[in-house]
Amino acid sequence: MTRIACSIPLDAPRRHVGHLAVPFSDDAHAYGVIPVPIAVLGGGDGPTVLLAAGVHGDEYEGQIVLRRLLHTLDPTRLAGRLIVLPALNLPAVRAARRTSPIDGANMNRAFPGDPDSGPTTQLAHYVETLLLPRCQAALDLHFGGTASEYLPCSYVYAGGPIAAAKAAMADAFAAPISIVVGATAETRSLSAACERQGVPMIATELGGGFVSHASMAVADAGTSAALRHLGLLPAPMDAFEILGAMIPEVLALKLLADLDYSLIPNAQALEPAQRQAKLVAIWTTQEMIICNAAKLAEQEIPLPTSLAKLADPRLRGRVMIPDITSGGGLEAVGAFALTAGGSETNIDPGLQLIHRIPDLRLWKADGEAVTAFKSGDIWVAEAHAGWAVRTEYAGVKVVSVPVKIGAHIGLIKEGWMGIGRASR
């Protein structure tokens, strides 16, 4: 029994976007309806999963993540069905409040609900009695909103016959922190509703205080990983290349699985530093000072044998190095730091040396240095040896000078490979 009408079929294939018409009446609206958004993405055979956000109206990150998912996810990729409620407490969302301005109710304290009461409890009743019985799992994305700020975490209720399934979902979501909540007297939350219906569910608290791109990244990656774990989404590309500048972020987001070195035939030939728990080195190249020798000779500038020589005022505007955000950026900063007497943990001398290079140019995307050499805009670049070869392929004759650091000549750069966590 419900007074709420759903405008879309819940069991049809493909994408359907509509609303739940929640009736209410007050002094301004004799026959009012609250159109709570709902969407269904139906694919092939598989489980049905409920995704919810906006249980508290001032928690926007989850709403953004689920709306983006609705726009970008192709239902034909799904082995199963998603029921998505991106703004469950719509009046609170519109008012930027934690609770509904219509009846003052907190949606996460309204379950199991009442079909004959106010709008919030009517909606809670609909979710618990009509949506959850269709589902084999659920995910409720919470953030701190305007009132709170949390360390990013997922949490599940302890115990019960579905405890292992909940723990596995939390492990797949891979928030920085996972919390198992012990016995609680709170029976009015969506989590409690899922417990009553036997639906494995995880909830999250991912930051708060303001909309955070970092928190949305955790929610994005975690939601996709949970759907892969549940079998709705295919596994991602098994192996992918990772450059140095990407490693800290990739590891922080827990995107990689532990490597099984027994499956890597030449593992014993690798140096210990090339064998990490989640990353393995797959290529090595030499960082070089790449020079247009003809241009330097015209200006009577000797070939630079050290990165310190790039600060020569005669090279004003003719030097290019990798931007810190590029694939070779971290290695370049390290090379300048070592050249200037610093270290990997003390890069200030290197940054000061970089600052002394007059009108320095930076490249971010592959090929920018080659293009600048070909146009004659630059005469010298710090880059790995492969770019010297590509520059020559582009028709510019260059000379590669190994980087000299103290008594050592040469600086090695490595590329890495990892395996996605949900790969099969």
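Nothing in this text is a laboratory measurement; each read-out follows from the coordinates by a stated rule. Computed from a predicted structure; not experimentally measured. Ideal geometry is used to build each Cβ from the backbone, glycine not excepted, and the neighbour counts take in all protein chains shown.
A few comments on the model shown:
- Over all Cα atoms in the stretch 5-229, the spread is summed up by Rg and Dmax: 16.4, 49 Å.
- Toward the positive end of the charge dipole of the stretch 5-229, with +1 on the Cβ of Lys and Arg and -1 on the Cβ of Asp and Glu, the farthest Cα among 147, 163, 209 is that of 163.
- Volume in Å³ per residue [convex hull over Cα atoms, computed for the stretch 221-272]: 115 Å³
- The orientation-averaged shadow of the Cα convex hull for the chain, equal to a quarter of the hull surface, comes to 26.7 nm².
- Label-point separation in nm, residue 114 to residue 306, each point 7 Å along Cα→Cβ: 8.2 nm
- Footprinting exposure proxy for 155, 126 (fewest neighbouring C-beta atoms within 10 Å first): 155, 126
- Whole-Hz couplings from phi, Karplus 6.51/-1.76/1.60, listed for the stretch 23-39; x for Gly and Pro: x, 7, 9, 9, 5, 9, 9, 5, 10, x, 9, 9, x, 6, x, 9, 9
- What the Kirkwood sum gives for the stretch 174-260 is a hydrodynamic radius of 15.7 Å, with every pair of different alpha carbons counted.
- For the stretch 139-213, the convex hull spanned by the alpha carbon atoms encloses 90 Å³ per residue.
- Between 345, 129, 187, the GNM of the chain built on Cα springs shorter than 10 angstrom shows 345 fluctuating the most.
- Cα-based Kirkwood hydrodynamic radius, the stretch 212-314, one decimal, Å: 18.3 Å
- Efficiency of FRET from Cβ geometry, residue 316 and residue 95, R₀ 60 Å, rounded to 0.05: 0.55
- Cross-link partners for residue 404 among the lysines, with Cα-Cα distance under 27 Å and sequence neighbours closer than 8 places in the same chain left out: 295, 309, 364, 374, 413.
- Order of 300, 186, 287 under a 10 Å beta carbon neighbour criterion, fewest first: 300, 186, 287
- Over the C-alpha trace of the stretch 4-45, radius of gyration and Dmax come out as 13.5, 47 angstrom.
- Listed by Cβ neighbour count within 10 Å, with the fewest neighbours leading, 194, 153, 291 appear as 153, 291, 194.
- Descending semi-axes in Å of the stretch 86-129, equivalent ellipsoid built from Cα gyration tensor: 17, 10, 8
- Förster radius 56 Å - calculated FRET efficiency between residue 147 and residue 371 (Cβ-Cβ, nearest 0.05): 0.65
- Taking every DSSP beta bridge that has both ends in the chain, the antiparallel portion is near 65%.
- Semi-axis lengths (Å, descending) of the ellipsoid that matches the C-alpha gyration tensor of the stretch 283-415: 21, 17, 14
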